[in-house]
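Report on the structure given below.
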Amino acid sequence: MAVNPLFTIIIPTANRAKLLRRAIESVLKQRCEDWEICIADDGSTDNTQEVVKSFTDPRIHYSFQQHQERSVARNKGIEMAKGQYLCFLDDDDYFFPEHLELLEQSIKKEAYPIAVFRTGMLIERQGQFTKTPNFDPEQFSNPILFFLKNMAGIHTLCFHQKIIQTFSFDPRWFHFQDTHLLVRALLEFPFYQLDTYTCVYVRYENMGSISVFRGEEAEARTANNVSAIRDLFEQGGQKLQTLVPSHMEDFLVCQKYLDHANGALQVKRTALSWRYFNQSLKHNKRAWLTMAYGKYLLRWGIVFFKNLF
């Protein structure tokens, strides 16, 4: 084994000690052993450090910082990394044992390119697994268009270190930062999709992304998300515009407001949800999402009248 590992797995974490253990163990179970883990603790106040210290494998490295959000934590992990290829794993998700082995095989087959590799992702909800789409060139003309229409799943991605040296996570964005980085990278570097499913994204009834809508900062977070979309298209410029339909930026903004309208509705904030819905309508210039709007209005009416009684 080389002095520096083939893979670095970067795990940002914050107050999820119980979940973190499973993520670490999923790396320890990898059939490919040429790896290191860099855990970037974003200000945990639970027993996260003790959980990490309970693992004695010298390939596990830990760093603590005051809370500065996930992008800063991931960038700290990047600073720590020594691997030739960098993978990312959120603390509540996990890999199957063959994940790194199959990536290694594909990387060797392509002669260790400066590129982005991806495996498929399963969504786990209450013990049930659902496949998400893989990039298919017969359905999408390019991977950027695919990732703008589908969840990137940061833990499905593997970047050559030179890409991450060029493109880090933008700390201005609290959401959409994965897609923001990925699209910028794919404007410059090649992409390889593995036809396998080796990553698991775990969905819970009360995920952090939903709980955001309970807080006073909900609208500011939504505005930040929309700004990230706008910024990506500004940075991508003409090069990005040639790869996607001309309406894609407005469509994504329209869709984001509707997504957040549904998120606010899940926590029964009907007034906030309705404001998001109207923002989506404001940006809807081509009658997009007509069926989705209908479903939203039905759900909103049910929740609104339940709150009355």
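Bear in mind these aren't lab numbers, they're just calculated from the coordinates by the rules spelled out. Just so we're clear, the structure is a prediction, and the values are computed from it rather than from any experiment. Note that each Cβ is placed from the backbone with ideal geometry, even for glycine, and that neighbours are counted across all protein chains shown.
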Set LYS82/LYS149; LYS108/LYS162; LYS53/LYS131, cut-off 24 Å on Cα-Cα distance; pairs above it are LYS82/LYS149; LYS53/LYS131
Tabulate in residue order the Karplus-calculated ³J(HN,Hα) for region 257-265, using 6.51 cos²θ - 1.76 cosθ + 1.60 with θ = phi - 60°, rounded to whole Hz; enter x for Gly and Pro. 4, 5, 4, 6, 4, 5, x, 5, 5
Relative frequency of Cα-Cα separations exceeding 15 Å in region 22-66, percent: 43
Gain upon complete extension [LYS131, LYS109; 0.36 nm per residue less C-alpha separation]: 5.4 nm
For the chain, the longest principal axis of the Cα atoms and the Cα long axis of helix 70-80 enclose an angle in degrees, to the nearest 10, of 10
If amide H atoms are modeled at 1.01 Å from N in the peptide plane, then the residues at a separation of 5 or more from ILE10, or on another chain, having amide H under 5 Å from its own are CYS38, CYS87, PHE88, LEU89
Let me know the Kirkwood hydrodynamic radius for region 206-246, please, with Cα pairs as the basis and the value in Å to one decimal. 12.0
Over the chain, equivalent-ellipsoid semi-axes from the Cα gyration tensor in Å: 33, 24, 18
Amide N of region 1-37 lying under 19 Å from the label point, which is placed 7 angstrom from the Cα of PHE64 along Cα→Cβ: 11-21
By how many degrees, 0 to 90 and rounded to 10, does the Cα axis of helix 270-282 deviate from the longest principal axis of the chain? 90
Relative to a virtual label point 7 Å from the Cα of LYS268 in the Cα→beta-carbon direction, which members of region 279-309 show backbone nitrogen distances below 12 Å? 303-309
If you scale each eigenvalue of the Cα gyration tensor by 5 and take the root, what three semi-axes come out for region 160-309, rounded to whole angstrom and sorted largest first? 31, 19, 15
Any idea what the dipole of the chain comes to, in debye rounded to 20, about its Cα centre with Lys/Arg Cβ at +1 and Asp/Glu Cβ at -1? 1020
Quick one: grab Rg to one decimal and Dmax as a whole number for region 137-188, Cα atoms only, in Å. 11.3, 35
Sorted by mean Cβ packing within 10 Å, highest first, what order do the peptides 32-44, 129-141 take? 32-44, 129-141
